[in-house]
1. By how many nm would the segment from residue 6 to residue 59 lengthen if fully extended, with 0.36 nm per residue of separation less the alpha-carbon distance?
2. Springs between alpha-carbon atoms under 10 Å, Gaussian network over the chain: tell me which of 30, 61, 17 tops the mean-square fluctuations.
3. Helix 26-35 sits at what angle to the longest principal axis of the chain, using alpha carbons and giving 0 to 90 degrees rounded to 10?
4. Give the angle, between 0 and 90 degrees and rounded to the nearest 10, that separates the Cα long axis of helix 55-88 from the longest principal axis of the Cα atoms of the chain.
5. Report the full-extension gain for the segment residue 47 to residue 33: residue separation times 0.36 nm, less the Cα-Cα distance, to one decimal in nm.
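Derivation of every value follows stated rules applied to the coordinates shown; laboratory data play no part. All of these numbers come straight from a predicted model, not from anything done at the bench.
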C-alpha cells in the first residue's frame, strides 16, 4: 500500500511569516531601538523631547501631517467613486 502525503496548510504560512518578519517586524524594532537610544547608547526619551519642543521640528511635523492629510483626502476622493462604480457595474454581476 502506498502512503499518501498529508497536506499541511500551515507549511504555506512559513514563507509569509518569514517575509513579514524580515520586511516589517525587524525594521520596526530597529526604528524603535534607534529612537530611544541616546548619544551614549543608553535608553533615553530626549530625542522625543527635542522633536516636540524645538520650533523648527514642530513646523516640519505640522507640514508632514498636512501633506499626509491632503494626500489621504485625494486618495479617498479617487477611491470611493471608483469603488462605487466598479461595485455597481454590470460586469460585477457575473
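1. Here the answer is 13.1 nm.
2. Among 30, 61, 17, the largest mean-square fluctuation in the Gaussian network model of the chain belongs to 17.
3. For helix 26-35, the angle is close to 10 degrees.
4. 20
5. Details: separation 14, 0.36 × 14 = 5.04 nm, distance 1.18 nm.
Length gained, residue 47 through residue 33: 3.9 nm.
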